[in-house]
Amino acid sequence: MKKILCFAHRGASGHEPENTLPAVEKAIVLGADWVEVDVYAVEGELIVIHDERLERTTNGSGYVMEKSLGYLRSLDAGKGQKIPTLRELFDLADCRIGVNVELKGPDTAALTISLIDQYIKDRGWHGDQFIVSSFNQRELAKVKELAPHLRAGVIVGGMHRRYSPFATRHAVYSVHPRMDLVNAGFVERAHRRGLRVFVYTVNDPRDIAKMAAMGVDGVFTDFPERIRSLRSLDPIR
Ligand code: G3P
Ligand code: MG
């Protein structure tokens with residue numbers, strides 16, 4: 001069986017509060033290849049949080065986009081952790097893991113590219129240590145327009161099912177489907193189009209094995225150690 005890449009979903013969010021710095025550190029300790037995090041732009045700063053509202057993951061309330069950066073940074077995002085900025089997250093990761101930045105909020109593409117390019121230029125990162133992904137194909141198109149050298153991933157799930165015309169037009173690197181949409185045909189067609197297939201969110205070891213058997217290239221999981229145990233059967237690693 002080929003090597004399957006492990007993306008720690010929102011960090012190792014099965015172990016630490018999602019999208020926090022400890023979740024990123026835990027992903028590294030557990031040997032994940034990549035960490036996936038979600039971003040919004042507030043007052044020109046990229047912050048790392050999944051929901052458009054604050055209640056589920058913080059002690060705040062209301063919509064992220066209606067708050068000041070100062071308020072957002074005063075909140076507890078779990079175990080006393082702040083909502084991190086993407087900059088803080090890159091600093092912590094310090095080239096030790098690939099970072100998949102998922103653009104959740106509006107107007108995040110240009111800020112994300114500019115930050116990534118800064119870390120490539122000044123901090124020893126390589127371009128292939130980043131993937132910028134989104135459900136929002138308009139935002140993702142901006143990524144490829146502004147930074148054709150960066151890897152872009154188109155996310156497929158919910159209302160967002162059609163990806164192939166977009167993927168071809170914008171030379172995207174990978175398709176990130178929700179697990180229930182994946183079958184052998186999906187994987188085969190994506191590979192024929194030259195796309196890697198990274199599937200979310202795969203936590204059950206039986207599903208991990210099933211995805212691996214279908215030939216997917218990677219999975220997003222809250223429990224990176226579950227991919228490693230699969231790999232112990234893999235002579236390549
Ligand atoms: O990027 C894959 C996955 O994170 C997309 O779904 O809702 O967990 O951000 P979500
Ligand atoms: Mg995400």
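Overview of values
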quantity: Residues being within 14 Å of ligand 1 (Cβ to nearest atom) and not basic (Lys, Arg) - total across the stretch 161-190; calculated: 11
quantity: Counted residues, the stretch 122-143 - those being among the hydrophobic types (A, V, I, L, M, F, W, C) and farther than 13 Å from His176 by Cβ; calculated: 4
quantity: Total residues in the stretch 59-97, condition surrounded by 13 or more Cβ atoms within 10 Å (Cβ to Cβ), of a type in the set (Ser, Thr, Tyr) and either more than 27 Å from Asp122 (Cα to Cα) or over 17 Å from the mean Cα position of the chain (by Cα) (or both); calculated: 2
quantity: Restricting the stretch 136-150 to residues that are of a type in the set (A, V, I, L, M) and assigned to a helix (DSSP H, G or I), the residue that is surrounded by the most Cβ atoms within 10 Å (Cβ to Cβ); calculated: Val143
quantity: Selection status of Arg56, away from ligand 1 (no atom under 16 Å from the Cβ) and not aromatic (Phe, Trp, Tyr); calculated: no
quantity: Asn100 modelled with pLDDT of 95 or more, loosely packed, with under 13 Cβ neighbours inside 10 Å and within 19 Å of Glu16 (Cβ to Cβ); calculated: no
quantity: Gly215, sole failed condition from (1) in contact with a Gly (Cβ under 8 Å, 6 or more places away or on another chain); (2) away from ligand 1 (no atom under 15 Å from the Cβ); (3) at pLDDT 95 or above; calculated: (1)
quantity: In the stretch 65-97, the residues that are closer than 19 Å to Glu18 by Cβ, basic (Lys, Arg) and in a loop (DSSP other than H, G, I, E, B); calculated: Lys67, Lys79, Lys82
quantity: Members of the stretch 125-153 found to be more than 16 Å from ligand 1 (Cβ to nearest atom), aliphatic (A, V, I, L, M) and more than 18 Å from Phe90 (Cβ to Cβ), listed by number; calculated: Ala141, Leu146
quantity: Residues satisfying the stated conditions in the stretch 7-34, i.e. within 16 Å of ligand 1 (Cβ to nearest atom), in contact (Cβ under 8 Å) with a residue 24 or more places away in the chain and either among the polar types (S, T, N, Q) or not in a loop (DSSP other than H, G, I, E, B) (or both); calculated: Phe7, Ala8, His9, Ser13, Asn19, Thr20, Val24, Ala27, Trp34
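The values are calculated or read from the model by the stated rules, or taken from the named source; none is laboratory data. All figures in this text were calculated on a predicted structure; none of them were measured in a lab. Positions of Cβ are backbone-derived with ideal geometry, glycine not excepted, and every protein chain shown enters the neighbour counts.
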